[in-house]
Amino acid sequence: MFNCEEISLNWDEAYKGTPPWDVGHPQPVFETLIEDGEIKPGRALDIGCGRGENAIMLAISGCDVTDIDLAEVAISDAKAKAAERHLNVNLIVADVLRMDQLFMEAEFDVVIDSGLFHTMTDEERPIFARQVHRVLKPGGKYFMLCFSDKEPEGLGPRRVSKAEIEHTFTPFFNIVYIKDSAFESKFGSCRREAYLVSAVRS
Ligand SMILES: C[S@@+](CC[C@H](N)C(=O)[O-])C[C@H]1O[C@@H](n2cnc3c(N)ncnc32)[C@H](O)[C@@H]1O
């Protein structure tokens, strides 16, 4: 039912219901990054923010937050959620592959990505990495959570290997770590094998 290739044709359709990644609270991994001080207050961008739970958490932690997502429904729901919680989050319907039309160079201290990179095709990956690099300040940090090749094949997005992550990002970033991690998911096994990547804009 939730085949990522089909969903990617129409993300808005996925948000007419509750897609499996939409767990209704921040992904625990990003909470830990804030608690551990790896993500500090500053200008933060959440790419592919979905219904905005991670971004709302960043705003509560003291970040000045901008979110983008292709899905109008997701952005509209995230706006309602932020307003309900009296939080100021800048939410924009936009394509991560065209951020050069939206943001100045070096606008952000941190970019977070919870489940976006693993939806990119082989052709899109280098464009994606260049776009993320462009919006980060020198020394800015990119934190990414993607399905890992340790997750059994089946429904969901492409599994990503460490070698693929290194190949995509080393031209633009110094990779600090690629750690075994997990996504919380609403359906099936609650824990889905993931890699957490920390990279610094070179
Ligand atoms: C797997 S979901 C993750 C959503 C959210 N980050 C979360 O953790 O709940 C991937 C999100 O990326 C968005 N997306 C897909 N392609 C995109 C693109 N080219 N630019 C911006 N957002 C995109 C989808 O609409 C979807 O909300």
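The values are calculated or read from the model by the stated rules, or taken from the named source; none is laboratory data. As the structure is a prediction and not an experimental result, all values here were calculated from the model. Virtual Cβ from ideal backbone geometry, glycine too; neighbours counted across all protein chains shown. The area values use the complete protein model at the heavy-atom level, side chains included, leaving out ligands, DNA and RNA. Shrake-Rupley method; radii C 1.70, N 1.55, O 1.52, S 1.80 Å.
Computed as a quarter of the hull surface, the mean projected area of the alpha carbon convex hull for the chain stands at 10.0 nm². Using a cut-off of under 12 Å, list every residue of the range 83-127 whose amide N is near the label point 7 Å from the Cα of H167 along the Cα-to-beta-carbon line. Taking a point 7 Å out along Cα→Cβ of H167, the residues of the range 83-127 whose backbone N falls under 12 Å are 122-123, 125-126. The residues neighbouring G139, those whose beta-carbon lies less than 11 Å from its own, together hold a net charge of +2 under the Lys/Arg +1, Asp/Glu -1 convention. Between the range 136-195 and the range 53-130, the C-alpha centres lie 17 angstrom from each other.
Just in the range 119-202: which GluC sites (Glu not before Pro) are loop by DSSP and have at most 14 other Cβ atoms within 10 Å?
Answer by residue number: E123, E153.
Straight-distance candidates among the lysines for linking to K79, with alpha-carbon spacing under 17 Å and chain neighbours fewer than 8 residues away dropped: K16. For the range 85-202, with all protein chains present and a 1.4 Å probe, just round the carbon and sulfur fraction of the accessible area to a whole percent. For the range 85-202, the apolar C and S fraction of the accessible surface comes to 51 percent.
What percent do you get for the relative contact order of the chain when only Cα pairs under 8 Å and 6+ apart count? Display every interim value, and only then the final one.
Numbers: 406 pairs, mean separation 41.3, N = 202.
Taking the mean separation of contacting Cα pairs over the length of the chain, I get 20 percent.
Accessible surface area normalised per residue over the chain is 47 Å², counting heavy atoms of protein chains with a 1.4 Å rolling probe.
Summary value for the range 24-111: 31 percent relative contact order, contacts being C-alpha pairs under 8 angstrom separated by 6+ residues. The lysines whose alpha-carbon is closer than 23 Å to the alpha-carbon of K179, local same-chain residues fewer than 8 away aside, are K40, K141, K150, K162.
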